[in-house]
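*Asks:* My structure is below; once you've seen it, I'll send some questions.
Rule-based calculations on the coordinates, nothing more; no lab input. All of these numbers come straight from a predicted model, not from anything done at the bench. All Cβ positions, even for glycine, are placed from backbone atoms using ideal geometry, and neighbour counts span all protein chains on display.
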Amino acid sequence: MSVGILGTGTMGAGIVQVAATAGHEVIACDPSPEALEKARAYVRRGLESFEKKGVVEDTGAAFERVRWTEKMDDFGEGNVEAVIEAVPEKLALKKEILSEIDGILPSDALILTNTSSISITELAAATKRPEKFCGTHFFTPPPLHEGVEIPRGLLTSDETGERVEALIKSFGKTPLVVRKAVPGFVANRFLMPLILEACRLLEEGVGSEAEIDAIMKKGLGFPVGPFEMTDMIGLDVALDVIEYVHKELGESFYTPPRILKEYVRAGKLGRKSGEGFYSY
Ligand SMILES: NC(=O)c1ccc[n+]([C@@H]2O[C@H](COP(=O)([O-])OP(=O)(O)OC[C@H]3O[C@@H](n4cnc5c(N)ncnc54)[C@H](O)[C@@H]3O)[C@@H](O)[C@H]2O)c1
């Protein structure tokens, strides 16, 4: 059985690497040839570095398990057990794409979403198989994190929950079930407030990015500072998540910081664009 991955950006590329390393046949799809090319290079580099560490035995074989394509229809060929959607965090786009995937996949296949915040129930409603729909929220970068949040929708069946957990375990990861998929699930309900406060402190002139990050790391013992973390996530992705949670909860605490909006408008998206709060 193979696994399909739609959207090979920051997260999709990492998930492709994880699935191929674990021995799955993978169909990696993105409509952008540049995104596919970047993802191929990312996966090759990632596999090589894991081979050096002794985690992957045969980089070539793992790489050969991935079929790269610009066409979603290719999910309909191959014996696809599940497709993981990892396109941008935009509700309308995800619903359109998920409905399309639903029309392509065999009826027994699972449709999974890597959304960071959006209602699984609402996304599932874009398909005709809400009982076979579930969240699989990987953390960035996917090859390095042990856990994957599994937010279930209201109609996700127990059988699907079990299949998803088995799939995540087959990736060598630990499934972390979220019984009720509230906006932002669990991880982002802690992480986004941290990013919000960091942006507010920066706007108030309390310290520079590096000074604030240093206090969080050397003082509180965080492995990375909030600005370094936001650069890894992508400022556009963080803003999309904050805007969605703000809209859904209606709490002014989640009002998107102006600095984040301005940086995104300026194309300063973090590591992926070469500049965010820091330059790369
Ligand atoms: N970045 C993170 O740290 C992080 C962590 C966990 C979850 N997520 C979630 O994962 C998803 C993807 O985020 P990302 O950071 O990888 O985004 P990204 O912008 O890096 O990548 C998105 C990819 O989707 C592709 N895409 C755009 N439109 C498409 C379409 N119509 N069909 C297929 N592919 C399309 C783009 O070409 C791009 O390669 C989002 O839902 C995000 O919230 C992100």
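*Asks:* Measuring from a point 7 Å past the Cα of PHE190 along Cα-to-C-beta, which residues in the range 158-182 have an amide N at less than 20 Å?
*Replies:* Under cut-off, by backbone N: 173-182.
*Asks:* Modelled label-to-label distance, LYS95 and ASP58, 7 Å Cα→beta-carbon offset: nm?
*Replies:* Label at LYS95, label at ASP58, 4.6 nm between them.
*Asks:* Using +1 at the Cβ of each Lys and Arg and -1 at the Cβ of each Asp and Glu in the chain, identify which of LEU47, THR8, VAL224 lies farthest towards the dipole's positive end.
*Replies:* So the residue furthest toward the plus end is VAL224.
*Asks:* Under 16 Å from the Cα of LYS218, which aspartates and glutamates turn up, not counting those fewer than eight places away in the same chain?
*Replies:* Filter leaves GLU209, GLU228.
*Asks:* Now for a separate question. Okay, helix-only estimate at 222 nm for the chain: each DSSP H run of n ≥ 4 adds -39500 (n - 2.57), divide by all residues, round to 500 deg cm²/dmol; what do you get?
*Replies:* Numbers: 11 runs with 124 residues, N = 280.
Calculated at 222 nm, the ellipticity per residue is -13500 deg cm²/dmol.
*Asks:* Of the beta bridges DSSP finds with both residues in the range 2-178, what % are antiparallel, to the nearest 5?
*Replies:* Working: 1 of 27 bridges.
Roughly 5 percent of the beta bridges in the range 2-178 run antiparallel, per DSSP.
*Asks:* Here is a further query. Rounded, prolate or oblate: which fits the range 1-46 when a ≥ b ≥ c are the square roots of the eigenvalues of the alpha-carbon gyration tensor, with rounded for a/c under 1.5 and prolate only if a/b beats b/c? Don't jump to the answer; show the numbers that get you there.
*Replies:* Working: a/c = 2.15, a/b = 1.34, b/c = 1.61.
Cα axes put the range 1-46 in the oblate bin.
*Asks:* Would you list the P(r) distribution for the chain, with all Cα-Cα distances sorted into 5 Å bins from 0 and each bin expressed as a whole %?
*Replies:* Per 5 Å bin, starting at zero, the Cα-Cα P(r) for the chain comes out as 1, 6, 12, 16, 18, 17, 13, 9, 5, 2, 0, 0 percent.
*Asks:* Going toward the positive end of the dipole of the chain, with +1 on Lys and Arg Cβ and -1 on Asp and Glu Cβ, which of TYR278, HIS145, VAL237 do you reach last?
*Replies:* Most positive-ward Cα: TYR278.
*Asks:* So how strong a dipole does the chain carry about its Cα centre when Lys and Arg Cβ are +1 and Asp and Glu Cβ are -1, to the nearest 20 debye?
*Replies:* On the way: 32 positive and 43 negative charges, 73 e Å.
Charge dipole of the chain: 340 debye, to the nearest 20.
*Asks:* Could you compute the longest span of the chain free of GluC sites (Glu not before Pro) located in DSSP loops and having at most 15 other Cβ atoms within 10 Å, not counting the site residues?
*Replies:* Values: sites that count: GLU57, GLU70, GLU77, GLU146, GLU204, GLU251.
Longest run free of exposed loop sites: 78-145.
*Asks:* If you don't mind, another one. Pop out the ³J(HN,Hα) list for the range 266-271 in order, Karplus 6.51 cos²θ - 1.76 cosθ + 1.60 with θ = phi - 60°, rounded to Hz; leave Gly and Pro as x.
*Replies:* Here the 3J(HN,Hα) series is 7, x, 8, 9, x, 3 Hz.
*Asks:* Greater than 19 Å separation of Cα atoms is the criterion. Which listed pairs, LYS71/LYS268; LYS90/LYS169; LYS94/LYS247, meet it? Please report the intermediate quantities before stating the final value.
*Replies:* Values: LYS71/LYS268 29 Å; LYS90/LYS169 28 Å; LYS94/LYS247 17 Å.
Exceeds cut-off: LYS71/LYS268; LYS90/LYS169.
*Asks:* Also, quick follow-up: Averaged over all directions, how much area does the convex hull of the C-alpha atoms of the range 188-273 cover when projected, in nm²? Could you put the intermediate results ahead of the total?
*Replies:* On the way: hull surface 21.6 nm².
Seen from a random direction, the Cα hull of the range 188-273 projects 5.4 nm² on average.
*Asks:* Classify the range 23-114 as rounded, prolate or oblate, taking a ≥ b ≥ c as the square roots of the eigenvalues of its Cα gyration tensor: rounded when a/c is under 1.5, otherwise prolate if a/b is larger than b/c and oblate if not. Kindly include the intermediate steps, with their values, before the conclusion.
*Replies:* Working: a/c = 2.24, a/b = 1.69, b/c = 1.33.
Prolate, since a/c reaches 1.5 and a/b exceeds b/c.
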